[in-house]
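*Asks:* Dumping the structure here so I can ask a few things about it.
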Amino acid sequence: MNDINHKFLLIQGRSIPQTDNSMQYFPSNWKEEFPIINKLGFSGIEWIYDKKSELSNPILTKTGRMEMLRVSKKNNVNLENIVFDWFLSHPFLQKNELLQEKNVEKFQSLMQSCSDVGFRRIIFPLLDKNKINSDKEINNFIKIFDKKIIEQLDSFDIEIHFETSLSPEKEKRIIESLNHKKIKICFDMGNSASEGFDPVKVINILGNNLGSVHIKDRKIGGSSVPLGQGDVKFLRVFQSLRLINFHGPITFQIYRNKDSNNISILKNSLTFIKETISKIVND
């Protein structure tokens, strides 16, 4: 991270009016967002694949994927990441073997679709209903992923980044157990702050196992707030990222307000982050 010309991405749905009470969802009017994202200065998008809007998501069909590529090229907005929020409401780990196999097949199918479109990374959230906590759950997850998913990774030009609420030590254990160069961690600085973790310690422990970053601000134990109003120590975070020579994508997954001008929030957030990085570069 040598300058402010970093690869900044925007999570899908943040630059257009909110049409759902959910904080994060796939928007049916997804095409409207691409020219806005380009104008704001983001280089790419982090796509959303969720259960609620699954049937309207164009990534499921060849025609839909071709349209995604057309809109991406027309607006010069790269299809960089896709977050598999589908598992947030339908956990990956299942006690029933048949259901477990269906989940594995679901993910394998998505890997193929993502490869067809050209996504570089799948963000795999181990959060909410998909959260794993106990050593037994972690071991089971590693076992299934190692047996069913890892061998397919070499067939695709795509990485898998786990986003978790686990300690960095447990995250590192998962990465080292799976032992594949395309398996990394997505560090969400807001979620980490909310859990009470020290971001410097998290980043130092993960080191080159850290593949991508989500930007948001949160209070400890609280929800998202505008950047600079929560407990994320942004200067320390970006100093630490620079020290490990982090060059991965940074996705703005920031606070949104249904009654506010989200374009203004995005502009202010982008300025805030660029100014923070600039302080480090010019130090």
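*Asks:* Which of the residues belonging to segment 159-175 are under 14 Å from the mean Cα position of the chain (by Cα) and either at positive phi or in a loop (DSSP other than H, G, I, E, B) (or both)? Before the answer, list the steps.
*Replies:* Step one: of segment 159-175, the residues under 14 Å from the mean Cα position of the chain (by Cα) are 159-165.
Once the filter is applied, which keeps residues that are under 14 Å from the mean Cα position of the chain (by Cα) and either at positive phi or in a loop (DSSP other than H, G, I, E, B) (or both), segment 159-175 yields only 165.
*Asks:* Then there's this: Considering each residue of segment 132-188, count those that are surrounded by fewer than 16 Cβ atoms within 10 Å (Cβ to Cβ), of a type outside the set (Ser, Thr, Tyr) and under 24 Å from residue 218 (Cβ atoms), and give that number.
*Replies:* The total comes to 3.
*Asks:* Still on this structure, I have one more. What residue, of 207, 211, 196, is over 27 Å from residue 118 (Cα atoms), out of contact with any Ser or Thr (no Cβ under 6 Å at 6 or more places or on another chain) and of a type outside the set (Ser, Thr, Tyr)? Please lay out each step first, then the result.
*Replies:* Values: 207 fails: over 27 Å from residue 118 (Cα atoms); 211 fails: over 27 Å from residue 118 (Cα atoms).
Step by step, each of 207, 211, 196 is checked, and only 196 is over 27 Å from residue 118 (Cα atoms), out of contact with any Ser or Thr (no Cβ under 6 Å at 6 or more places or on another chain) and of a type outside the set (Ser, Thr, Tyr).
*Asks:* Which of the residues that make up segment 121-158 are within 15 Å of the chain's Cα centre (by Cα) and of a type in the set (Asp, Glu)?
*Replies:* Across segment 121-158, the qualifying residue is only 128.
*Asks:* On the given criteria, is residue 72 among the small types (Gly, Ala, Ser), closer than 26 Å to residue 250 by Cα and surrounded by fewer than 16 Cβ atoms within 10 Å (Cβ to Cβ)?
*Replies:* Details: among the small types (Gly, Ala, Ser): yes; closer than 26 Å to residue 250 by Cα: yes; surrounded by fewer than 16 Cβ atoms within 10 Å (Cβ to Cβ): no.
Criteria not met by residue 72.
*Asks:* From the list 107, 141, which residue is in contact with a strand residue (DSSP E or B) (Cβ under 9 Å, 6 or more places away or on another chain), assigned to a helix (DSSP H, G or I), among the aromatic types (Phe, Trp, Tyr) and over 24 Å from residue 249 (Cα atoms)?
*Replies:* On the way: 107 fails: over 24 Å from residue 249 (Cα atoms).
When all the criteria are applied, what remains is 141.
*Asks:* Identify all residues within segment 40-56 that are under 22 Å from residue 248 (Cα atoms) and over 18 Å from the mean Cα position of the chain (by Cα); write none if there are none. Walk me through it before giving the result.
*Replies:* The first filter runs over segment 40-56 and keeps only residues under 22 Å from residue 248 (Cα atoms), leaving 40-49.
Within segment 40-56, 40, 41 meet the criteria.
*Asks:* Here's a follow-up. Taking the stated definitions as given, is residue 122 under 16 Å from residue 157 (Cβ atoms), β-branched (Val, Ile, Thr) and not in a helix (DSSP H, G or I)?
*Replies:* Values: under 16 Å from residue 157 (Cβ atoms): yes; β-branched (Val, Ile, Thr): yes; not in a helix (DSSP H, G or I): yes.
Against the criterion (under 16 Å from residue 157 (Cβ atoms), β-branched (Val, Ile, Thr) and not in a helix (DSSP H, G or I)), residue 122 qualifies.
We did not get these values from a lab; they are worked out from the coordinates using the rules stated. This one's a predicted model, so the numbers in the text were calculated from it and none came from an experiment. As a convention, Cβ positions derive from the backbone with ideal geometry for all residues, glycine included, and neighbour counts pool all protein chains shown.
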